[in-house]
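Reviewing the structure listed below.
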Amino acid sequence: KAGVTQTPRYLIKTRGQQVTLSCSPISGHRSVSWYQQTPGQGLQFLFEYFSETQRNKGNFPGRFSGRQFSNSRSEMNVSTLELGDSALYLCASSLVKRTSGDQETQYFGPGTRLLVL
Amino acid sequence: KQEVTQIPAALSVPEGENLVLNCSFTDSAIYNLQWFRQDPGKGLTSLLLIQSSQREQTSGRLNASLDKSSGRSTLYIAASQPGDSATYLCAVVGLGTSGSRLTFGEGTQLTVNP
């Protein structure tokens with residue numbers, strides 16, 4: 001079974017631009033979460049999508065947004081980029097049991113490294 | 001607010017040594033705890049998942065324990081190898097969380113010297 005894939009793997013943008021990152025979860029996984037990793041702040045939760053609905057959101061400004069499609073693929077968008085947005089953006093997918101809603105192991109993609117100049 | 005702490009921040013050991021990585025969390029109301037490994041510049045690889053009702057999980061040379069009441073977990077690595085060199089992260093999903101939101105510790109950077 002293919003793992004979580006993220007595209008693109010690397011991005012260079014300038015301040016003020018916007019960027020869209022894509023994440024394809026493991027087949028059958030309906031939950032997709034996004035995280036930002038920086039040397040100073042570590043791994044911080046951005047948001048989670050389940051069945052095309054955002055069901056959890058971290059403490060990030062409104063410039064960070066996301067969505068999930070019917071095939072569970074997810075995108076996140078960052079508008080008006082700032083230097084501090086330079087980071088490794090990771091997405092994770094997990095299988096959610098239909099009957100109990102229990103979460104299983106979360107599997108991470110290789111990440112998209114964003115550099116804002 | 002859940003806080004996760006990992007000690008030590010860095011660890012350097014000779015090959016073959018058994019070692020223990022520590023993780024503590026402030027709110028014992030957790031759904032599960034997961035240990036990950038991260039190689040430089042790469043994504044996270046899941047190592048072990050412990051549900052809140054479990055006390056430990058084992059996979060090969062790895063053994064993770066969970067003491068929910070004291071807010072602690074340990075990752076035991078037996079007979080360490082240079083290939084084990086990486087950053088190890090623990091993360092919890094809180095019971096009050098609707099969903100899969102992970103709260104991470106800052107990680108332990110492990111170096112195993114040949």
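The values are calculated or read from the model by the stated rules, or taken from the named source; none is laboratory data. Just so you know, these numbers come straight off a predicted model, no measurement behind them. For neighbour counting, all protein chains shown are included, and Cβ atoms are generated from backbone atoms with ideal geometry for every residue, glycine included. Each accessible area value is taken on the protein alone, full model and side chains, heavy atoms only, with ligands, DNA and RNA left out. Shrake-Rupley method; radii C 1.70, N 1.55, O 1.52, S 1.80 Å.
Within the range A:33-79, take every residue that is of a type in the set (Phe, Trp, Tyr) and closer than 26 Å to residue B:108 by Cα and give me the one that is surrounded by the fewest Cβ atoms within 10 Å (Cβ to Cβ).
A:60
Please tell me if residue B:21 is more than 14 Å from chain A (Cβ to nearest Cβ) and either exposed (fewer than 15 other Cβ atoms within 10 Å of the Cβ) or not in a loop (DSSP other than H, G, I, E, B) (or both).
yes
Take the residues of the range B:87-102 that are over 12 Å from the mean Cα position of the chain (by Cα) and open to solvent by less than 60 Å² (accessible area, probe 1.4 Å): which is nearest to residue A:54 (Cα to Cα)?
Among residues in the range B:87-102 that are over 12 Å from the mean Cα position of the chain (by Cα) and open to solvent by less than 60 Å² (accessible area, probe 1.4 Å), the one nearest to residue A:54 (Cα to Cα) is B:99.
Among the residues of the range B:36-53, is any outside any strand (DSSP E or B), away from every other protein chain (no Cβ under 14 Å), more than 19 Å from residue A:108 (Cβ to Cβ) and at pLDDT below 95?
The answer is no; no qualifying residue exists.
If I go through the range B:54-76 residue by residue, how many of them are charged (D, E, K, R) and not in a strand (DSSP E or B)?
Total satisfying the criteria: 3.
Do you know which of the residues in the range A:80-109 that are away from chain B (no Cβ under 14 Å) and at pLDDT below 95 is most open to solvent (accessible area, probe 1.4 Å)?
A:98
Of all residues being open to solvent by less than 60 Å² (accessible area, probe 1.4 Å) and in a loop (DSSP other than H, G, I, E, B) in the range B:2-18, which is farthest from residue B:104 (Cα to Cα)? Just the residue, please.
Out of the qualifying residues, it is B:16.
Does residue A:19 satisfy the criteria of being open to solvent by less than 20 Å² (accessible area, probe 1.4 Å), under 24 Å from residue B:45 (Cα atoms), touching a strand residue (DSSP E or B) at 6+ places or on another chain (Cβ under 7 Å) and of a type in the set (Val, Ile, Thr)?
no
Please list, ordered by residue number, the strands (runs of 3 or more DSSP E) wholly in the range A:1-54 having 2 or more residues that are without any contact (Cβ under 8 Å) to a residue 60 or more places away in the chain.
Here the list reads A:19-24, A:31-38, A:42-50.
Return a yes/no flag: does the range A:68-88 have any residue that is under 23 Å from residue B:47 (Cβ atoms), in a strand (DSSP E or B) and either without any contact (Cβ under 8 Å) to a residue 12 or more places away in the chain or of a type in the set (Ser, Thr, Tyr) (or both).
No: the range A:68-88 contains no residue that is under 23 Å from residue B:47 (Cβ atoms), in a strand (DSSP E or B) and either without any contact (Cβ under 8 Å) to a residue 12 or more places away in the chain or of a type in the set (Ser, Thr, Tyr) (or both).
Tell me which of these residue A:10 doesn't satisfy, since it passes every other one: (1) of a type outside the set (D, E, K, R); (2) at pLDDT 95 or above; (3) more than 15 Å from the chain's Cα centre (by Cα).
Failed condition: (3).
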